[in-house]
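Down below is the structure, laid out as structure tokens.
The values are calculated or read from the model by the stated rules, or taken from the named source; none is laboratory data. Bear in mind the structure is a predicted one, so any value in this text is a computation, not a measurement. We place every Cβ from the backbone using ideal geometry, glycine too, and count neighbours over all the protein chains shown.
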Amino acid sequence: MQNQHEPANALVSFSLSLPPMIHPQARQDEPSTHPSLLARAAGGGPQAWQYLVQIYGPIVYRWIRRCGLQPADAADVMQDTFLAVSGALHRFDHSAADASFRGWLWTIARNKMRDLQRRQSQRQELDGSVARRKLDDIPATDIPTADGPATDDSPAAAPQPPSAVDEDSQLLRWRALQCLRQSIEPRSWQMFWETTVIGRPAGDVAQEMQVSRWAVYKARTRVLERLQRELKDLL
């Protein structure tokens, strides 16, 4: 069995084989006896919150880095973003028209980048830097603040994250699988992994593991359903 760090082509093939992410409007009549990860995190579940940060943290960090921030600053902004999310998640309504957790998260990250820009400007003012002397020549109304717009050509000023939905969805699913693996029975995981990620025929895997083909299909379906349920409302 291969480890969780698969070649890019295996990852792409796996992502394409997954059920498509369902639009929020299509979820209204979907029966579920298990709350989604987002619902559990909003309810204050510590494990769910840790899981949410683990799977979305790298995506948020990548957004921030693509906006031009250095690694240390990007890490600080990511931490500030999730601190803000932890206090506001219970107010996010995924059932609202055009609601998007991804878009909501990007708005918070964008505001935190602006906050960082303001703090850096303030430090320059206290240091009496050259940058401050230049700002003195600019009318006060033109100086950007945390609440004001970023420069028009900055990725941080964009209404959407600096990465495509499909790109984020692929990474989100991959990160979720890495976390889910810890809670799935090893043989079930192996049957899922061999057939879905590596692409081996179910019959071959069944023969190798001395189980029925139906057992292989059942194990694979359970993992996929678990993944789909966990990621519900996260895009």
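For this structure, a couple of remarks:
- Pair list, Cβ under 8 Å, 6 or more apart: region 78-107 residue farther than 20 Å from S163 by Cα, other residue basic (K, R): D80/K112; A84/K112
- Options G68, G57, G87: the member that is modelled with pLDDT of 85 or more and not in a helix (DSSP H, G or I): G68
- The residues listed here are V165, V205; of these, the one that is at pLDDT 95 or above and surrounded by 14 or more Cβ atoms within 10 Å (Cβ to Cβ) is V205.
- Criterion: within 26 Å of V53 (Cβ to Cβ), at pLDDT below 75, part of a helix (DSSP H, G or I) and of a type outside the set (F, W, Y) - qualifying residue of A146, A156: A156
- Positions within region 90-119 being small (G, A, S) and farther than 16 Å from L38 by Cα, in sequence order: A97, A109
- Among the residues listed as Q228, Q170, Q182, the single one being without any contact (Cβ under 8 Å) to a residue 24 or more places away in the chain, closer than 25 Å to F101 by Cβ and of a type in the set (S, T, N, Q): Q182
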